[in-house]
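J.: Sharing a structure here in structure tokens format.
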């Protein structure tokens, strides 16, 4: 049976961990190793400031600014840092541009390496054994579990993040967005499209607002 | 190490379960566990590779039975004890038996510390990369018991240099606390079928970041 390690599935287990972590925080605070206010500040950073919106701004700019896209391709670290998105788990960056011929997808089979500076904290599935074990060996089956089936002629290149290089997938710009500003494109760039387990959203061209949205 | 963390290509873990609108944390303790790990790590008592090795260096059953942040907390406590920052009796009782001499990460320094991160590129000096993009290489069949970032599925396989990433700290030695030893780092491209056999996609590829001591010219 495959295990399911979601802590919220088991109340007593969660209580054990709550008690253990509270005790550890108190011990480390009493020892002078931890400043609880610093923990609050770290959490505030990753809960309110650093998240996939950063990556989406990078992608939308690459879609609308050819000079920036070239810079991103040649030196993603400098290009992304220039937008103010630097720091922990984003010290060294490579951008992977999807094309009709090649779809890029990122995993860390050995632990959970992920570009925090542009995508925030990784989701549980990215850190899970099923994704880590299968993304390299059966990426098409994994993508199907995300509801994504690529066209026959599209090759997949999976990047196993085994070093401190962090990878950001630049999804293809959706059709029907010609003339859109970067600001308007940002909401189409999903987190999963920047990991390679999804595509950028296609603007709704069938609804009553379709004309206005596509304008 | 051929440990429980090295699972690329392994079977039996079941399907991936994406969680719509997933919260950042699934329990309040996960928040504190994550922040504590970063805060104590920022005191500079160990390298990122030492913390990775602390997480993976355990019996497979124990590794697979722990949730992600449970593993972090467990490895954090072990590392602190190993480095003499806390004692076994303190961890057992929860009662501090004195203050540490290590300066904690204070709230006013968090932004600067997170913004700085921990770059691992080093000055190569006169060293030149042995390989260039397009070169054929074969990964070595390394089976050491300590930390290594050459996954089992990519050992003793022929590939092509996709990119030269630079001169980066070597995880194998960094996991022993050595912050200086560095080697050239490459993205190496392998045909998926060379790694995973005929069931893999004919045109699919896997790129793995590998250091020069993991590679031979092919």
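J.: Identify which of A:148, A:43, A:33 has the largest mean-square fluctuation in a Gaussian network model of chain A, with springs joining Cα atoms closer than 10 Å.
T.: A:33
J.: Also, quick follow-up: What is the extension gain from residue A:67 to residue A:183, computed as 0.36 nm multiplied by their sequence separation minus the C-alpha to C-alpha distance, in nm to one decimal?
T.: Taking 0.36 nm per residue and subtracting the Cα distance, the gain is 40.0 nm.
J.: When the helix-only estimate is applied to the protein assembly as shown (DSSP H runs of n ≥ 4, each -39,500 (n - 2.57), divided by the residue count), what is the mean residue ellipticity at 222 nm, nearest 500 deg cm²/dmol?
T.: -10000 deg cm²/dmol
J.: If you fit an axis through the alpha-carbon atoms of helix A:11-31 and take the longest principal axis of the Cα set of chain A, what angle between them do you get, 0 to 90°, nearest 10?
T.: With both axes taken from Cα atoms, the answer is about 70 degrees.
J.: With no solvent and one point on each alpha carbon, what is the Debye value of log10 I(q)/I(0) for the stretch B:46-122 at q = 0.27 Å⁻¹?
T.: After summing over all Cα pairs, the log10 values are -1.23.
J.: Relative contact order, percent, of the stretch B:136-217 when contacts are C-alpha pairs under 8 Å separated by at least 6 residues?
T.: Relative contact order here is 33 percent.
J.: For the stretch A:51-195, restrict the atom set to alpha-carbon positions and state the Rg and Dmax in Å.
T.: 14.6, 42
J.: Let me ask something additional. Within the stretch B:185-218, which residues have the backbone N less than 20 Å from the label spot 7 Å out from residue A:81 along Cα→beta-carbon, could you tell me?
T.: B:185-187
J.: Computed FRET efficiency, Cβ-Cβ of residue A:49 and residue A:102, R0 45 Å: what is it to the nearest 0.05?
T.: The computed FRET efficiency comes out at 0.85.
J.: Measure nothing fancy, just the Cα-based angle from helix A:52-64's long axis to the longest principal axis of chain A, in degrees from 0 to 90, nearest 10.
T.: Roughly 20 degrees between the two axes.
J.: Where does helix B:107-116 land angle-wise versus the long Cα axis of chain B, in degrees 0 to 90, nearest 10?
T.: Taking the Cα atoms of chain B, the angle to B:107-116 is about 10 degrees.
J.: At a 10 Å Cβ-Cβ cut-off, how would you order A:63, A:71, fewest neighbours first?
T.: In increasing order of surrounding Cβ atoms, one gets A:71, A:63.
J.: Let me ask something additional. For chain A, set up a GNM with springs between Cα atoms under 10 Å and report which of A:129, A:172, A:22 has the largest fluctuation.
T.: Residue with maximal mean-square fluctuation among A:129, A:172, A:22: A:22.
J.: Quick one: among A:135, A:76, A:163, which has the greatest mean-square fluctuation in a GNM of chain A with alpha-carbon springs under 10 angstrom?
T.: A:163
J.: State, as an integer percentage, the relative contact order of the stretch B:28-116 based on alpha-carbon contacts under 8 Å between residues 6 or more apart.
T.: In percent, rounded to a whole number, it is 37.
J.: Going by how many other Cβ atoms sit within 10 Å of their own, how do B:207, A:108 line up, fewest first?
T.: Ascending number of Cβ neighbours within 10 Å: A:108, B:207.
J.: What does the structure give for A:88-98 when I average, per residue, the other chain Cβ atoms found within 10 Å of the residue Cβ?
T.: So the per-residue partner count for this stretch is 3.
J.: Oh, and also: May I have the convex hull volume per residue, in Å³, for the Cα set of the protein assembly as shown?
T.: 155 Å³
J.: Follow-up. For each of A:67, B:21, B:121, B:216, count neighbouring Cβ atoms within 10 Å of the residue's Cβ, then give the residues from fewest to most.
T.: The fewest-first ordering by Cβ neighbours comes to B:21, A:67, B:216, B:121.
J.: Separate question: Do you know the relative contact order of the stretch A:1-144, to the nearest whole percent, from alpha carbon pairs under 8 angstrom that are 6+ apart?
T.: Taking the mean separation of contacting Cα pairs over the length of the stretch A:1-144, I get 19 percent.
J.: Taking 7 Å along the Cα-to-C-beta vector as the label spot, tell me the residue B:156-residue B:123 distance in nanometres, rounded to one decimal.
T.: 4.1 nm
Every number here is computed from the coordinates shown, using simple stated rules; none is lab data. Model, not experiment: these values are computed from the prediction. Cβ coordinates were reconstructed from backbone atoms using ideal geometry, including for glycine residues, and neighbour counts include every protein chain displayed.
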